[in-house]
Amino acid sequence: MKELGFAGIAWHEQAPAQAKAAALEAEARGLTMFTIYCAAQVNARGELTYSPELPALMAALKGHHTIIWLHLGGNGPAIAALTGEEPVVKQLRSLAQIASSNDTRIAIYPHFGEWTARFGDAVRVAKLVKHPRSEEHT
């Protein structure tokens, strides 16, 4: 990859030890694990579910400056109607704090067919989370 001019890789969600090993292998080859895709779901009550290993994954990637690209599927509440008091917003705020304490970041990854299907959806949710690091990038 490096010989082709790439500076790093995007990775996929896996067990913390495996992700750390992949990040270390990338670094040994002069590359950075810039991002790792992780899945989460938002239900109609506005509750977020994600892998119970996500906090441990962020801890395993401490010091690698990796961004967790969190794609939010499900049939969550209407994004335009969110007030910031919904469980999903509070849970994302908590995840952002865990990420921050591990020198990683979370970015909501908009994707067609997901709860946050559009870029504007991801930005609105991020602004409602009101994590201090989100202000650096919105």
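Computed quantities for the displayed model
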quantity: Karplus (6.51, -1.76, 1.60) ³J(HN,Hα), θ = phi - 60°, over region 110-116, in Hz, Gly and Pro reported as x; calculated: x, 8, 3, x, 9, 4, 9
quantity: By average C-beta atoms within 10 angstrom, highest first, the peptides 64-71, 91-98, 1-8; calculated: 64-71, 91-98, 1-8
quantity: Cα centroid of region 17-43 to Cα centroid of region 55-86, whole Å; calculated: 16 Å
quantity: Average accessible surface area per residue within the chain, 1.4 Å rolling probe, Å²; calculated: 54 Å²
quantity: Which of ASP103, ASP121 is most accessible, then next, and so on - probe 1.4 Å; calculated: ASP103, ASP121
quantity: Relative contact order (%) - the chain, alpha-carbon pairs under 8 angstrom, separation at least six; calculated: 22 percent
quantity: J(HN,Hα) series, region 63-78, from Karplus relation 6.51 cos²θ - 1.76 cosθ + 1.60, nearest Hz, glycine and proline x; calculated: x, 9, 6, 6, 9, 7, 8, 9, 9, 9, x, x, 10, x, x, 4
quantity: Helical contribution to [θ] at 222 nm, DSSP H n ≥ 4, -39,500 (n - 2.57), averaged over the chain, rounded to 500; calculated: -10000 deg cm²/dmol
quantity: Hits among lysines - C-alpha to C-alpha of LYS2 under 29 Å, sequence gap 8 or more where chains match; calculated: LYS20, LYS62
quantity: Ellipsoid semi-axes in whole angstrom, largest first, where each is sqrt(5λ) of the Cα gyration tensor of the chain; calculated: 27, 15, 14
quantity: Rounded to 10°, Cα long-axis angle of helix 119-129 versus longest principal axis of the chain; calculated: 80 degrees
quantity: Rounded to 5, the percent of DSSP beta bridges in region 34-138 classed as antiparallel; calculated: 20 percent
quantity: Computed log₁₀ I(q)/I(0) - Debye formula, equal Cα scatterers, no solvent, region 66-130, q 0.11, 0.20, 0.27, 0.29 Å⁻¹; calculated: -0.23, -0.75, -1.28, -1.40
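The values are calculated or read from the model by the stated rules, or taken from the named source; none is laboratory data. Just so you know, these numbers come straight off a predicted model, no measurement behind them. FYI the Cβ positions are ideal-geometry reconstructions off the backbone, even for glycines, and counts take in every protein chain you see. With ligands, DNA and RNA removed, areas are computed over all heavy atoms of the protein, side chains included. Shrake-Rupley method; radii C 1.70, N 1.55, O 1.52, S 1.80 Å.
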